[in-house]
Each structure stands twice: as C-alpha cells, then as structure tokens.
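Values quoted throughout were computed directly from the atomic coordinates according to the rules given, and no laboratory measurement underlies them. Predicted, not measured: the structure shown is a model, and the values here were computed from it. Every residue, glycine as well, gets a Cβ built from its backbone with ideal geometry; the counts of neighbours run over all protein chains shown.
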Amino acid sequence: MLAFVACINTYAFKFDGIDLNGTVGDITRAISKKNYVATIENPNVLTGLCQGTKINLSFNLANVTEKNHIGQLFVDIPNASANAFIENAQLLNIIYHQVSNTEAGYLYEVDDDGTTLLLSRTETGIRLTYNTPYYQASK
C-alpha cells in the first residue's frame, strides 16, 4: 500500500503524476509515457507498474459533463491478502476525509474541486474509483 500512496501526488486530482482534470489527449499521452499498455485480452484496460506495484487502469469517458474529459478513473490493484481492504481503508482514513461507509465501499473527499475516491472490494483485490469534477452519474 505504501507504493500506492507514493503514486498519489500532493494534489489528489493527480494520479501517478497524471492530471485527471486534463483533456483525454493530455491524459493519454501522460499514461503512455508511464508505459501503461493495453492487452489483446482487454484493450479497454491499461496495465502498468506504479512504484513497483502492478495495477490496471480503465476510464469512464461517457458519463461526463464536458466532452474530452474523464468522468472516472478506475484503478484495480490485484491483492490476495484478506486484510488488504481494511489496511487500505485505515491508511486512506488518515489521508482523506471519509464521507460514507456503505456496502459499495468507503467514499472519500480527496480534493476541493469535487474529486472523490471510492475504495471497494473486487474478486481479485481492491478498486479505487476516482470521480472527477467532470463525472456525471447515470440517471
């Protein structure tokens, strides 16, 4: 988890040095410079290393308030540890203000611009869902 925290810059709207409030083109270029790549099995998911930890990135480009921006960034972190979710939640509770705790996961307020982070469990580990200020929830 410490490696993951190193991926988050001082400003929460940046992930691994990538400004999530930038345009899709800017974000795509920044991601390619960090050697995240798509696979033949799933071209919509980019895999790469963040501070030595293998992660998978995917994006919601559809539910946005402004075209050419990202609504959500999904970061899937494979982890076999049964305690991974709780350990990560404890660490995020120190860094961010927790807004809610539901079956869906723990929601954090991560920046004054409206960016939130949802920590949730998956079958293979944990997922971080960054909702940018451009995210528009489905109605």
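A crude spin-label estimate for the pair Arg121 and Ser32, with each label 7 Å from Cα along the Cβ direction, gives 3.9 nm.
Could you size up the charge dipole of the stretch 14-139 around its Cα centre, putting +1 on the beta carbon of Lys and Arg and -1 on that of Asp and Glu, and report it in debye to the nearest 20? Can you show the working numbers first?
Numbers: 9 positive and 13 negative charges, 65 e Å.
Approximately 320 debye in magnitude.
Quote to one decimal, in nm, the extra length available between Val99 and Val24 on full extension: 0.36 nm per residue of separation minus the C-alpha distance between them. Walk me through the numbers before you get to the answer.
On the way: separation 75, 0.36 × 75 = 27.00 nm, distance 2.80 nm.
Working it through step by step, the gained length comes to 24.2 nm.
Name the shape class, rounded, prolate or oblate, that the alpha-carbon gyration tensor gives for the stretch 81-122, where a ≥ b ≥ c are the square roots of its eigenvalues, rounded holds for a/c under 1.5, and otherwise prolate holds if a/b is larger than b/c and oblate otherwise.
Values: a/c = 2.42, a/b = 1.66, b/c = 1.46.
Since a/c reaches 1.5 and a/b is larger than b/c, the shape of the stretch 81-122 is classed as prolate.
All C-alpha pair distances within the stretch 43-120, sorted into 10 Å bins from zero, spread as 16, 41, 37, 6 percent across the bins.
Arrange the peptides 79-88, 128-137 so that the one whose residues have, on average, the most other Cβ atoms within 10 Å appears first.
Details: 79-88: 13.3, 128-137: 19.3.
For the peptides 79-88, 128-137, the packing ranking is 128-137, 79-88.
Considering only Ile27, Gln72, Phe85, and ranking their Cα positions along the charge dipole of the stretch 27-96 that arises from unit charges at the beta-carbon of Lys, Arg, Asp and Glu, the one farthest toward the positive end is Ile27.
Look at the alpha carbon pairs under 8 Å that are at least 6 residues apart: their mean separation over the length of the chain gives a relative contact order of 22 percent. Summing +1 for each Lys or Arg and -1 for each Asp or Glu among the other residues whose beta-carbon sits under 12 angstrom from that of Leu20 gives -4.
The stretch 12-82 gives an Rg/Rh value of 0.97, both radii derived from C-alpha positions and Rh following Kirkwood. Matching the structure-derived Rg and Dmax of the Cα atoms in Å against the labelled list (i) 15.7, 47; (ii) 16.8, 58; (iii) 14.3, 39 gives the label (iii).
Which peptide among 99-109, 36-46 comes first, and what is the full order, when sorted by highest mean count of other Cβ atoms within 10 Å?
Details: 99-109: 14.5, 36-46: 11.8.
Per-residue Cβ counts within 10 Å, averaged per peptide and sorted highest first, yield 99-109, 36-46.
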